[in-house]
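The values are calculated or read from the model by the stated rules, or taken from the named source; none is laboratory data. Keep in mind that what you see is a predicted model, and the values were worked out from it rather than measured. Cβ: placed from backbone, ideal geometry, glycine included. Neighbour counts: every protein chain shown. Just so you know, the surface numbers come from the protein's heavy atoms only, side chains and all, with ligands and any DNA or RNA stripped out. Shrake-Rupley method; radii C 1.70, N 1.55, O 1.52, S 1.80 Å.
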Amino acid sequence: MVSTDTVDVLIAGAGPVGLTAAVELRRRGIGCRVVDRLPERLPYAKAVGIQPRTLEIWDRMGLVRAALEAAVPMLGQLTYVNGVERPRIELSLPPEVPYGFAALPQYETERILDEFLARFGSRIERGTELVGFAQDADGVTSRLVTASGAQEEVRSRYLVGCDGAHSAVRKGLGLDFEGGAFPEEYMLGDVELDWDMPHGYGVRAMHLGADGAVDDVLVCIPLPGRGRYRISSVVPPELRTAARAEGGDGVAHGLDGGSAPSLSHLQDVLDRLAPRPATASALRWSSVFRISHRIVDRYADGRVFVAGDAAHIHPPTGAQGMNTGIQDAYNLAWKLALAIQGGARPELLASYDTERRPVGVEVVGRTVRHAAEGVQADPDDPGTVMLREAQLLLGYRGSPLVGPPEEGADGDGPRAGDRAPDCGGLTGHIAAHPLRLYDLLRDRGHVLLLYGGGDGEPDGAGADDFPALAATARDVSLGRVATCVVLPDAAPAGAGDTMTLPVYRDRRGEFARQYAARGRTAFLVRPDGYLSARLQPPTAGELASRLALVFQA
């Protein structure tokens with residue numbers, strides 16, 4: 001047994017969730033190791049849907065450009081029932097949302113995150129498996145087996161399990177993982193199709209039997225590459241794996257390594273259901289896939305955490321799984337970084353379970369309902385359904401890290417706990433082109449946005465106290481809060497010119513509209529892009545109390 005130096009965080013699992021956690025920790029100067037039992041990245045397009053909210057997170061992290069260049073747009077879905085086309089679903093969002101839906105194979109997502117992680121001098125330790133761990137009041141001692149078979153002992157301050165549905169970390173904690181499994185099995189294949197279907201649209205073709213129930217289905221999701229799709233369908237009888245579906249931990253979920261459909265199996269489905277003649281070729285990979293729906297009873301125990309499939313698994317309806325896991329990791333990583341740097345209240349890490357487990361419960365329940373009834377059966381209006389599927393309605397109202405739930409804006413502006421929306425039209429003194437608000441938030445931690453200083457404000461005050469508010473934020477957070485001032489376009493000429501804070505003008509009024517800002521208002525934006533507080537008008541004392549929910553000076 002070889003002992004190593006202590007590391008801040010040990011991450012088990014190098015999928016999109018583990019790599020997101022690692023990138024965010026390294027961006028914030030935290031040391032971590034990432035181990036994965038697989039010897040190399042798998043070539044599977046298992047998770048392919050990238051939600052707009054995930055792209056916003058990647059924007060904040062500074063890696064969205066690479067994802068946009070590698071992905072293809074998801075514009076909507078074409079639906080056919082017994083060969084008859086039904087109304088198409090358009091994946092449209094309000095114009096102020098900066099990103100649309102995208103499709104990107106999981107192996108490409110992992111490549112992009114892996115390459116970005118390498119910029120910080122970190123790499124994945126492949127072929128290295130976590131086989132056990134024990135925690136105490138000061139840290140976690142983990143046992144690893146490396147690719148050569150050598151055993152290694154690692155001491156870390158925290159351990160994060162991002163190791164999938166059969167998570168060793170979850171088992172080691174003894175967490176309950178309640179739920180069930182779907183009886184159906186599906187086959188997946190990554191192929192080229194020679195049909196002439198519209199670019200950027202998924203295809204769902206179903207056959208209804210005499211009783212009106214679906215007895216056959218084909219789903220095709222576009223992937224990067226000429227005519228490339230990931231297709232899925234109910235598995236044929238000769239490939240069923242029900243006898244071995246339950247693993248040693250009782251979880252039936254994920255790819256089955258023993259039953260690979262051939263190109264002929266996939267072609268048979270296309271011949272039965274494809275809305276236009278199509279020939280499949282260039283099979284990259286295929287597998288049988290099983291689906292469960294489960295969630296842990298808690299996301300953390302002491303210094304050990306679980307995220308992604310280690311914490312929740314559910315049907316792939318709406319491409320919610322990987323995206324939810326990425327948000328798990330991002331929520332946890334900024335809190336771990338602050339705790340390790342010594343600036344966090346002791347209760348900060350407990351908020352990971354408080355904020356993220358309700359999200360997991362909602363996603364599991366919703367995807368199970370949609371798998372059984374279809375997204376079209378959702379009782380909400382289509383616009384709300386689309387925003388929820390894009391993960392743009394997720395929020396943390398009622399979290400111990402934000403203000404009281406009744407605090408908020410006049411009209412429709414975001415309240416404490418809501419996602420901070422983007423907007424454009426912000427101009428500075430030097431940049432020749434207008435900026436987006438997300439440009440100001442990118443690659444930062446907490447950001448205090450101070451709005452006001454125009455003529456005719458309801459409280460009759462300008463922005464004279466903004467430097468004092470910025471000083472309060474700096475003092476309480478020990479310099480971990482950045483401050484920007486946004487002036488309404490009606491602010492007098494020269495307003496803010498003598499201020500030492502960064503000043504931007506809301507030339508098109510988009511900030512005022514999106515945030516329903518009237519008069520002096522302070523918005524405290526968390527590192528994950530949610531509002532910690534909305535103070536109107538702001539006072540130093542109230543700002544300090546909000547900051548004290550997170551920071552311990």
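Cβ-Cβ contacts under 9 Å between residues 6 or more apart (or on different chains), taken from a first residue in the range 285-314 that is within 14 Å of residue 12 (Cβ to Cβ) to a second residue that is of a type in the set (Lys, Arg) and assigned to a strand (DSSP E or B), are listed as 303/157. With 149, 100 as the choices, which residue is over 30 Å from residue 71 (Cα atoms) and either in a loop (DSSP other than H, G, I, E, B) or touching a Leu at 6+ places or on another chain (Cβ under 7 Å) (or both)? The conditions single out 149.
On the given criteria, is residue 130 open to solvent by less than 70 Å² (accessible area, probe 1.4 Å), closer than 19 Å to residue 387 by Cβ and of a type in the set (A, V, I, L, M, F, W, C)? If you could, list the steps in order and put the result at the bottom.
Values: open to solvent by less than 70 Å² (accessible area, probe 1.4 Å): yes; closer than 19 Å to residue 387 by Cβ: no; of a type in the set (A, V, I, L, M, F, W, C): yes.
So residue 130 fails the test.
Residues in the range 249-259 include none that are open to solvent by less than 20 Å² (accessible area, probe 1.4 Å), over 28 Å from the mean Cα position of the chain (by Cα), closer than 27 Å to residue 108 by Cβ and at pLDDT 95 or above.
Residue-by-condition table, conditions (1) hydroxyl-bearing (Ser, Thr, Tyr); (2) at pLDDT 90 or above; (3) in contact with a His (Cβ under 6 Å, 6 or more places away or on another chain):
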{"residue": "368", "(1), (2), (3)": "no, no, yes"}
{"residue": "382", "(1), (2), (3)": "no, no, no"}
{"residue": "387", "(1), (2), (3)": "no, yes, no"}
{"residue": "391", "(1), (2), (3)": "no, yes, no"}
{"residue": "397", "(1), (2), (3)": "no, yes, no"}
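Scanning the range 491-532 for residues that are assigned to a loop (DSSP other than H, G, I, E, B), over 26 Å from the mean Cα position of the chain (by Cα), within 21 Å of residue 422 (Cβ to Cβ) and small (Gly, Ala, Ser) gives 509, 516, 517. Note on the range 338-356: residues that are within 15 Å of residue 391 (Cα to Cα) and touching a Lys or Arg at 6+ places or on another chain (Cβ under 7 Å) amount to 0. Among the residues of the range 134-156, the ones that are open to solvent by 30 Å² or more (accessible area, probe 1.4 Å), touching a Lys or Arg at 6+ places or on another chain (Cβ under 7 Å) and either under 23 Å from residue 309 (Cβ atoms) or not acidic (Asp, Glu) (or both) come to 4 in all. Against the numbered list (1) open to solvent by 10 Å² or more (accessible area, probe 1.4 Å); (2) within 22 Å of residue 530 (Cα to Cα); (3) among the aliphatic types (A, V, I, L, M); (4) touching a helix residue (DSSP H, G or I) at 6+ places or on another chain (Cβ under 6 Å), residue 359 comes up short only at (4).
State all residues of the range 1-12 that are at pLDDT 95 or above and either over 18 Å from residue 120 (Cβ atoms) or open to solvent by 10 Å² or more (accessible area, probe 1.4 Å) (or both); if no residue qualifies, say none.
Scanning the range 1-12 gives 7, 8, 12.
Does residue 454 satisfy being at pLDDT 90 or above, in contact with a strand residue (DSSP E or B) (Cβ under 8 Å, 6 or more places away or on another chain) and of a type outside the set (S, T, N, Q)? No; evaluated as a whole, the condition is false for this residue.
Just one of the listed residues (21, 71) is under 20 Å from residue 198 (Cβ atoms), out of contact with any Gly (no Cβ under 6 Å at 6 or more places or on another chain) and among the aliphatic types (A, V, I, L, M), and it is 71. Residues in the range 290-319 that are assigned to a strand (DSSP E or B), open to solvent by less than 40 Å² (accessible area, probe 1.4 Å) and either of a type outside the set (D, E, K, R) or on the phi > 0 side of the Ramachandran plot (or both): 291, 292, 295, 296, 300, 304, 305, 306, 312, 313. If you go through the range 462-487 and keep only what is open to solvent by less than 20 Å² (accessible area, probe 1.4 Å) and not hydroxyl-bearing (Ser, Thr, Tyr), you end up with 463, 466, 469, 470, 473, 481, 484, 485, 486, 487.
Of these, 185, 125, which one is among the acidic types (Asp, Glu), modelled with pLDDT of 95 or more, in a strand (DSSP E or B) and surrounded by 14 or more Cβ atoms within 10 Å (Cβ to Cβ)? Working first, answer last.
Values: 185 fails: modelled with pLDDT of 95 or more.
Every option except 125 fails the conditions.
Do the conditions hold for residue 111, that is, is it part of a strand (DSSP E or B) and open to solvent by 20 Å² or more (accessible area, probe 1.4 Å)? So that I can check it myself, show each step before the final result.
Details: part of a strand (DSSP E or B): no; open to solvent by 20 Å² or more (accessible area, probe 1.4 Å): yes.
Judged against the criteria, residue 111 is not a match.
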